[in-house]
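Quick notes on the structure that follows.
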Amino acid sequence: MLKLPEIRQWIIGLGIAADERVYVGKLDNKQERAIGVYERKGSGPPVTALGGLSCTSYGVRRISLLIHWTRSKPETESAAWGLFEKLREVTSLTIGDTFVSGLILQVPEPVDVGTDDNGVYEYVIWLDVLYQRK
């Protein structure tokens, strides 16, 4: 199974936000210039090949990335698009020791979700990570 902390490490490596500003779970102290890595709820049946789980070669991890940036909309939009483009440009990928065979962006562009209570702009990117089962 591909775990959120491993995905977090990969996101850090993309160079959009500093290590201490990429998190899994709740954002501590509402730090600006941060990216949250969350599990996204899915629907429908799990991926299972004919023959059962032992014959199933891949799994899907549904991810939501929250770009919590600054009080400047243009600056936040730029950071969100920077991450979005980096995701679109991936040509090969291993996260931790798990081979990733595909990234499927589930939104046509970063989605503006407004501001938090402190006026910090936020965007969301949804993606599905197709990974090789072990």
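The values are calculated or read from the model by the stated rules, or taken from the named source; none is laboratory data. If you're wondering where the values come from, they're calculated on a predicted model, not measured in any experiment. Counting neighbours? That spans all protein chains shown, and the Cβs are built from the backbone with ideal geometry, glycine included. Accessible surface areas use protein heavy atoms only, side chains included; no ligands, DNA or RNA. Shrake-Rupley method; radii C 1.70, N 1.55, O 1.52, S 1.80 Å.
Look at (1) farther than 28 Å from SER72 by Cβ; (2) at pLDDT 95 or above and you find that ILE16 fails only one, number (1). May I ask you to verify whether LYS86 is open to solvent by 70 Å² or more (accessible area, probe 1.4 Å), within 24 Å of GLY114 (Cβ to Cβ) and part of a loop (DSSP other than H, G, I, E, B)? So LYS86 does not fit the description; no.
On the basis of being within 17 Å of ARG8 (Cα to Cα), of a type in the set (A, V, I, L, M) and either in a loop (DSSP other than H, G, I, E, B) or within 12 Å of the chain's Cα centre (by Cα) (or both), does LEU65 make the cut?
Numbers: within 17 Å of ARG8 (Cα to Cα): yes; of a type in the set (A, V, I, L, M): yes; either in a loop (DSSP other than H, G, I, E, B) or within 12 Å of the chain's Cα centre (by Cα) (or both): yes.
Criteria met by LEU65.
Restricting THR94, THR98 to those that are surrounded by 15 or more Cβ atoms within 10 Å (Cβ to Cβ), under 17 Å from GLN9 (Cβ atoms), over 14 Å from the mean Cα position of the chain (by Cα) and of a type outside the set (Gly, Ala, Ser) reduces the list to THR98. Taken over the range 101-121, residues that are surrounded by fewer than 19 Cβ atoms within 10 Å (Cβ to Cβ) and part of a strand (DSSP E or B) amount to 10. Being in contact (Cβ under 8 Å) with a residue 40 or more places away in the chain and open to solvent by less than 30 Å² (accessible area, probe 1.4 Å) is the requirement here; does ILE16 meet it? Taking the combined requirement at face value, the residue does not satisfy it. All of (1) modelled with pLDDT of 95 or more; (2) farther than 19 Å from TYR131 by Cβ; (3) open to solvent by 40 Å² or more (accessible area, probe 1.4 Å) hold for PRO5 with one exception: (2).
The residues on offer are VAL37, VAL129, VAL47, VAL124, and the sole one that is part of a loop (DSSP other than H, G, I, E, B) and surrounded by 12 or more Cβ atoms within 10 Å (Cβ to Cβ) is VAL47.
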